[in-house]
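Structure record follows, encoded as structure tokens.
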Amino acid sequence: MRKAWKDPDRCARRSALRRALCANPIRREQMRKEMIRRWSIPEFVQKFKKAINARPNFAELRLDQLLAKEFPKEFSYTGNRALWIGKKNPDFAHRKLPLVVEMAGETIHSRPEMEARRRYFSRRGIRCVLVWFRDLQYPTKVQARISRALTRLKPTVVVAKAGWKEAIPA
């Protein structure tokens, strides 16, 4: 059997076709609507989660170790798409309080991008602590930032609602 995907000419033709389709605004809008439709089907979401087999990267593993040591059984890793808040998937979420911890690598994420992500969660009533990769060199500072966020949230009562936890003042 011939491996068509190894043929460089075929790959170049398919790549050019894909670029042409994506450049067409009408076609792009059709693809956007189709993806919205697909993501509303639970079976599609389940298959997608299984197919990507998302696991924590090196930085997320280090942060997970820190969280497990300093805050045992309080945070869970949700970067495997276990929790969606609107259209965003946080890296770590507190099990009871509306608090998420986002791990950001400087080579991949920009500061404005991560600040926009923090505002996105904030508008939904969820406090977001950003941890940059270089911050992992100073675990006590990371722990202090997360502890500060936790103490600000402690006087709230948490009620499960619509798949996420919303804080209601006590």
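The values are calculated or read from the model by the stated rules, or taken from the named source; none is laboratory data. Note that this is a predicted model, so its numbers are computed, not measured. Counting neighbours? That spans all protein chains shown, and the Cβs are built from the backbone with ideal geometry, glycine included. The protein model used for the area step is the full one, side chains on, heavy atoms only, and it has no ligands, DNA or RNA in it. Shrake-Rupley method; radii C 1.70, N 1.55, O 1.52, S 1.80 Å.
Screening the range 40-58 for residues that are closer than 30 Å to Glu106 by Cβ and in a helix (DSSP H, G or I) and picking the one that is modelled with the highest pLDDT gives Phe58. Taking the numbered list (1) touching a residue at least 24 places away in the same chain (Cβ under 8 Å); (2) open to solvent by less than 60 Å² (accessible area, probe 1.4 Å); (3) in contact with a helix residue (DSSP H, G or I) (Cβ under 7 Å, 6 or more places away or on another chain) in turn, Ala54 passes all entries but (3). The residues in the range 59-113 that are outside any loop (DSSP other than H, G, I, E, B), closer than 22 Å to Arg123 by Cβ and acidic (Asp, Glu) can be counted, and the count is 2. Within the range 108-128, being of a type in the set (A, V, I, L, M, F, W, C) and open to solvent by 80 Å² or more (accessible area, probe 1.4 Å) holds for one residue alone: Ile108. Against the test of being out of contact with any Ser or Thr (no Cβ under 8 Å at 6 or more places or on another chain), within 30 Å of Ser40 (Cβ to Cβ), at pLDDT 90 or above and basic (Lys, Arg), the options Arg134, Arg145, Arg119 yield a single qualifying residue, Arg119.
Of the set (1) open to solvent by less than 70 Å² (accessible area, probe 1.4 Å); (2) at pLDDT below 85; (3) not small (Gly, Ala, Ser), all apply to Glu34 but (2). Which of the residues belonging to the range 132-146 are without any contact (Cβ under 8 Å) to a residue 24 or more places away in the chain and assigned to a helix (DSSP H, G or I)? Asp135, Gln137, Thr140, Lys141, Ala144, Arg145, listed by residue number. For the residues Leu67, Leu17, the requirement of being over 27 Å from Met114 (Cα atoms) and either touching a residue at least 12 places away in the same chain (Cβ under 8 Å) or exposed (fewer than 13 other Cβ atoms within 10 Å of the Cβ) (or both) singles out Leu17.
Leu83 fulfils the conditions (1) open to solvent by less than 90 Å² (accessible area, probe 1.4 Å); (2) in contact with a Pro (Cβ under 9 Å, 6 or more places away or on another chain); (3) modelled with pLDDT of 90 or more except for a single criterion, (3). Between Glu70, Glu102, Glu106, the distinction of being among the charged types (D, E, K, R), in contact with a strand residue (DSSP E or B) (Cβ under 7 Å, 6 or more places away or on another chain) and within 26 Å of Lys154 (Cβ to Cβ) belongs to Glu102 only.
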